[in-house]
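Notes follow the structure.
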Amino acid sequence: MPVNHKIPNGDVIYQREQYAGSRITRKYWNYRDRQVFAFIKPEYKRIIDIGCGEGLTLEKVIRNFPNRMVLGVDLSAENITICREHGLPGIHSSIYGLS
């Protein structure tokens, strides 16, 4: 998924701005995240968000699972830069680069 959406005047709207701007969008993502979080078992000590984008879900994972080691991975260096600007742990890599 692209990190941004270009609009006709050449500006860029980032995912964080899109998420913040719409209550319906937030409701959908909150619902989706609850469904995903239900699969995270207590014995899982590490959680990797592959394709973390700008870190919206990554923030929620860290908030909901504070005693776990959490890492975001994304192919886009720009996305990882945005994650780091928000204090989120992220690496610029693909799943093939993880070991």
Residues whose built amide H sits under 5 Å from the amide H of Ile47, excluding neighbours closer than 5 in sequence, are Met69, Val70, Leu71
Which of Val36, Val73 comes first, and how do the rest follow, when ranked by fewest Cβ neighbours within 10 Å?
Val36, Val73
Run the reach check for Lys41 against aspartates and glutamates, Cα to Cα strictly under 16 Å, same-chain hits fewer than 8 apart removed. What comes back?
Asp33, Asp49
Amide H contacts of Ile91 (H built 1.01 Å from N, under 5 Å, at least 5 apart or other chain):
Gly72, Val73, Asp74
Give the aspartates and glutamates reachable from Lys27 as a straight Cα distance under 19 Å; neighbours fewer than 8 places away on the same chain don't count.
Glu17, Glu54, Glu59
Label-point separation (nm) for Lys41 and Thr25, each offset 7 Å from Cα along Cα-to-Cβ?
3.6 nm
How much space per residue, in cubic angstrom, does the convex hull of the C-alpha atoms of region 29-99 take up?
88 Å³
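Every read-out reported here was derived from the displayed coordinates using simple, explicitly stated rules and does not represent laboratory data. All figures in this text were calculated on a predicted structure; none of them were measured in a lab. Positions of Cβ are backbone-derived with ideal geometry, glycine not excepted, and every protein chain shown enters the neighbour counts.
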